[in-house]
Amino acid sequence: MQQTSEIPDLLAKSQSAFLTLPPTTFLQQAINSLAQAKVSCALILENGELQGILTERDIVKTTISQKQLNELTVAELMSSELFTIKTTEVKDIFAVSRLFSQHRIRHLPVLDEENKLVGVLTPQTIRDHLKPEYLLRYVRAREVISKDVVTGLPQESILAIAQKMTQQRVSCIVIMDEKNAYPSGIITERDIVRFHSLGLDFQQVIAQNVMSCPLSTMQPLDSLWNIHRKMQQMGVRRLVITETTGELAGIVTQTQLLKILDPTEMYHVMQQMQTTIEQQTEQLQQLNQRLKLANQQLAKLAELDELTQVVNRRHLKKFLAQEWIHHQQFAKPLSVIMCDVDHFKAYNDTYGHLAGDRCLAQVAQALREVIRQNSDLVSRYGGEEFLVVLPNTNQQGAECVAKKIINKLNNLRLPHSSSSTSDYVTLSLGLATIVPNGDVSINTLLSMADYCLYQAKQKGRNTYITKVQA
């Protein structure tokens, strides 16, 4: 947001809307001009020279003196001791913003090198120019809120309200509901100016009849950016902050917003932002890690047979494709064993489908216990069929695994009274071994294994048949 290229724009904004009056202007006329222009001050010029400034606060002070406004001129009321700045001195927008708090001012007239008035800067001018969205998003109202709020009652006269403003040196009075002590309205310096232009009787008119209501409020956890936007939308310079219960929490003014944009304050805010970003980054990393693990788990479940807890044909297809390419590249033998539970339909008819499910799960577990855990694969192939993939395994190695499978099942001694082969559950196995090349495919290997399985069943079951592709 630094500065040199933005200064002309800032100076242009200072010239956009300000009111000038001669010192001979009667005060009532000046008040009407301020109310009509909806500005917070009038700059007093005589022969082109800046003589002083008349602010809303000056008018509030005059109100409590109860002097006849038609008898007073601007010259009698204006502040002639002015703090001004030359156009050539407007080099650093942050240095300019600090002047408002250092000198306790809300208006900064801008003069050229010949001391001619060219404009006026206010906290709102600076704030609007900086467009501090990203910074203000990270600061909450509770961090800057002013809790020393001057309050009034609905039945108080607007003269009493003006007196409080002057005595307490504040720009607004929050009107509190007498029944529940909640804020119900607000009266500002600008309202006092407007009341004068309307010719209201300050002693007779009470606050509840003229206060701004219903009161638009924000809450302590609202960001300053949202508060800034609401101020702009409503055309106001302060917002009342209430707790979620409706109780008065404090007030945020445009001066407080501007203070946040001071480089010193910005450093602290940036530190808070950095801490917040680091915390959010860590949380995001943790969420991403959990999401990654969850996705991995989902991917695993998507390729796992729910009943037997071995991989399904979807995973088998990918695994075989990868192994086929690898074995073809290095001319290594790839073997598979197609397994089928003998007389499984009769088993289901005798023991029921739930028992059949448990039987298949036990067979799958037995197959997993026989294979090499780091390289081989057991997959449910369909119904009561399983396929065992044996990478880098020749015919002799595949036969060794087949014998282990048959022995493992025989040792399980799972009862099967309806089997014509044995009193226990048995498997028939079809073995196939191939060295992948361009003349054969995965389907060739599977067809060989299926044919051998058929031959094993024809041979009497509970055995294996093997075939090697030359």
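The values are calculated or read from the model by the stated rules, or taken from the named source; none is laboratory data. Just so we're clear, the structure is a prediction, and the values are computed from it rather than from any experiment. With ideal geometry, Cβ positions are generated from the backbone for all residues, glycine too; neighbour counts draw on all protein chains shown.
So that you can scan it fast, the table gives a plain yes or no per residue for (1) of a type in the set (A, V, I, L, M); (2) under 34 Å from the mean Cα position of the chain (by Cα):
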| position | (1), (2) |
| --- | --- |
| 165 | yes, no |
| 183 | no, yes |
| 207 | yes, no |
| 224 | yes, yes |
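For the stretch 394-430, a residue qualifies if it is in contact with a helix residue (DSSP H, G or I) (Cβ under 8 Å, 6 or more places away or on another chain), under 18 Å from residue 450 (Cα atoms) and not small (Gly, Ala, Ser), and the qualifying residues are 401, 405, 426, 427, 429.
Please verify whether residue 413 is assigned by TED's automatic domain parsing to the domain that holds residue 323, surrounded by fewer than 20 Cβ atoms within 10 Å (Cβ to Cβ) and in contact (Cβ under 8 Å) with a residue 24 or more places away in the chain, treating the condition exactly as stated. So residue 413 does not fit the description; no.
Inclusion of residue 20 among residues that are more than 28 Å from residue 158 (Cβ to Cβ), assigned by TED's automatic domain parsing to the domain that holds residue 102 and in a helix (DSSP H, G or I) is not warranted. Are any of the residues in the stretch 321-329 surrounded by 15 or more Cβ atoms within 10 Å (Cβ to Cβ), more than 42 Å from the chain's Cα centre (by Cα) and of a type in the set (D, E, K, R)? The answer is yes; a qualifying residue exists. When you scan the stretch 117-129, do you find a residue that is over 27 Å from residue 33 (Cβ atoms), modelled with pLDDT under 80 and surrounded by 19 or more Cβ atoms within 10 Å (Cβ to Cβ), even just one? Checking the stretch 117-129: not a single residue is over 27 Å from residue 33 (Cβ atoms), modelled with pLDDT under 80 and surrounded by 19 or more Cβ atoms within 10 Å (Cβ to Cβ). The sole residue among 88, 73 that is in the same structural domain as residue 43 (by TED's automatic domain parsing) and more than 44 Å from the chain's Cα centre (by Cα) is 73.
Between 309, 373, 289, which is part of a helix (DSSP H, G or I) and surrounded by fewer than 18 Cβ atoms within 10 Å (Cβ to Cβ)?
One residue alone meets the criteria, 289.
Going residue by residue through the stretch 168-180, is there one that turns out to be of a type in the set (Lys, Arg), assigned by TED's automatic domain parsing to the domain that holds residue 248 and assigned to a helix (DSSP H, G or I)? No, there is no match, as no residue in the stretch 168-180 is of a type in the set (Lys, Arg), assigned by TED's automatic domain parsing to the domain that holds residue 248 and assigned to a helix (DSSP H, G or I). Within the stretch 425-443, the set of residues being out of contact with any Cys (no Cβ under 9 Å at 6 or more places or on another chain) and surrounded by 17 or more Cβ atoms within 10 Å (Cβ to Cβ) comprises 426, 433, 434, 436. Looking only at residues of the stretch 330-350 that are free of Cβ contacts under 8 Å to residues at least 12 places away in the same chain and farther than 27 Å from residue 433 by Cα, we find that the one that is surrounded by the fewest Cβ atoms within 10 Å (Cβ to Cβ) is 345. Looking only at residues of the stretch 17-43 that are aliphatic (A, V, I, L, M) and under 17 Å from residue 72 (Cβ atoms), we find that the one that is surrounded by the fewest Cβ atoms within 10 Å (Cβ to Cβ) is 35. If the condition is being part of a helix (DSSP H, G or I) and among the hydroxyl-bearing types (Ser, Thr, Tyr), then the stretch 316-351 contributes 347, 350, 351. For residue 54, the requirement of being under 18 Å from residue 195 (Cα atoms) and not in a loop (DSSP other than H, G, I, E, B) is met. Candidates 192, 251, 227: the one that is in contact with a Ser or Thr (Cβ under 8 Å, 6 or more places away or on another chain), more than 18 Å from residue 148 (Cα to Cα), surrounded by 19 or more Cβ atoms within 10 Å (Cβ to Cβ) and at pLDDT 90 or above is 192. Taken over the stretch 444-470, the criterion of being surrounded by fewer than 20 Cβ atoms within 10 Å (Cβ to Cβ), under 60 Å from the mean Cα position of the chain (by Cα) and not small (Gly, Ala, Ser) is satisfied by 444, 446, 450.
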